[in-house]
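Peer 1: Structure provided below as structure tokens; questions to follow.
The values are calculated or read from the model by the stated rules, or taken from the named source; none is laboratory data. All values derive from a computational prediction rather than experimental measurement. Every residue, glycine among them, receives a Cβ derived from its backbone with ideal geometry; neighbour counts consider all protein chains shown. Note: accessible area is taken over every heavy atom of the protein model, side chains too, but ligands, DNA and RNA are not part of it. Shrake-Rupley method; radii C 1.70, N 1.55, O 1.52, S 1.80 Å.
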Amino acid sequence: MALSARRYAQALFLIAEEKGDQEQWLADLELLASSSRNSDFIAFIDSPKIENVKKIEVIKEAFSKFVSEMALNFVSLLATRNSVASLSNIADAFQELVDSEKGVERAEIVSAVKLTDEQERDIVDKLAQMVGKELSVTTYVDESILGGYLARVGDRLVDGSVKTQLENMRRELIRGA
């Protein structure tokens, strides 16, 4: 994650903490970040050829009914710096800061097939015991891991994938041969 995204998130977090509106900022950043995934919008808003006044006008027209005045000001600032594309990273970093304050650790679980609720609960329980914190979990399906799962909690990786097990077996066979 870009250093500037983390710095922006930290500044917003301090503002939100001071005003007690972290949930509002979370909602605003989520909405703004979803717009930053639109390549046409980003090409326009982050273009150095477009005047800042026009960018801000478009931002206010597009978002004034949906986000707070402070969030509008923030995205306008990013637009003047041609950095609106970093909104998704800023939103992620802000969410991490909020989660950290609440004692919640973020986790990602990648499996070869969609997990049942029971399987997901079992994995989450094991991971929560491992880190000793409540977890906020996101799950993904990636068929390339063949079976099992990969789980990332903070900087820890739990690799229970069949793909890795097969690669380890292959290495052992090569070493033994």
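Peer 1: Only one of these is open to solvent by 30 Å² or more (accessible area, probe 1.4 Å), part of a loop (DSSP other than H, G, I, E, B) and closer than 30 Å to PHE41 by Cα: LYS60, LYS65. Name it.
Peer 2: Checking each option against the conditions leaves just LYS65.
Peer 1: Something else about it: Would you check if there is a residue in the range 9-19 being out of contact with any Cys (no Cβ under 7 Å at 6 or more places or on another chain), open to solvent by 90 Å² or more (accessible area, probe 1.4 Å) and of a type in the set (A, V, I, L, M)?
Peer 2: yes
Peer 1: Continuing with the same structure: Restricting the search to the range 125-177, which residues are open to solvent by 70 Å² or more (accessible area, probe 1.4 Å) and touching a residue at least 40 places away in the same chain (Cβ under 8 Å)?
Peer 2: ARG152
Peer 1: Quick check: is even one residue across the range 153-168 in contact with a Leu (Cβ under 6 Å, 6 or more places away or on another chain), under 21 Å from VAL104 (Cα atoms) and hydrophobic (A, V, I, L, M, F, W, C)?
Peer 2: Looking for residues that are in contact with a Leu (Cβ under 6 Å, 6 or more places away or on another chain), under 21 Å from VAL104 (Cα atoms) and hydrophobic (A, V, I, L, M, F, W, C), one finds at least one in the range 153-168, hence yes.
Peer 1: Let me ask you something else. Count, please, the residues in the range 23-57 that happen to be open to solvent by 30 Å² or more (accessible area, probe 1.4 Å) and of a type in the set (S, T, N, Q).
Peer 2: 5
Peer 1: All but one of (1) within 18 Å of LEU29 (Cα to Cα); (2) modelled with pLDDT of 90 or more hold for ILE109, so report the exception by its number.
Peer 2: For ILE109, the failing item is (1).
Peer 1: While we're looking at this one, here's another question. Scanning the range 134-160 for residues that are touching an Asp or Glu at 6+ places or on another chain (Cβ under 9 Å) and among the hydroxyl-bearing types (Ser, Thr, Tyr), which turns out nearest to ASP99 (Cα to Cα)?
Peer 2: Ranking the candidates gives SER136 first.
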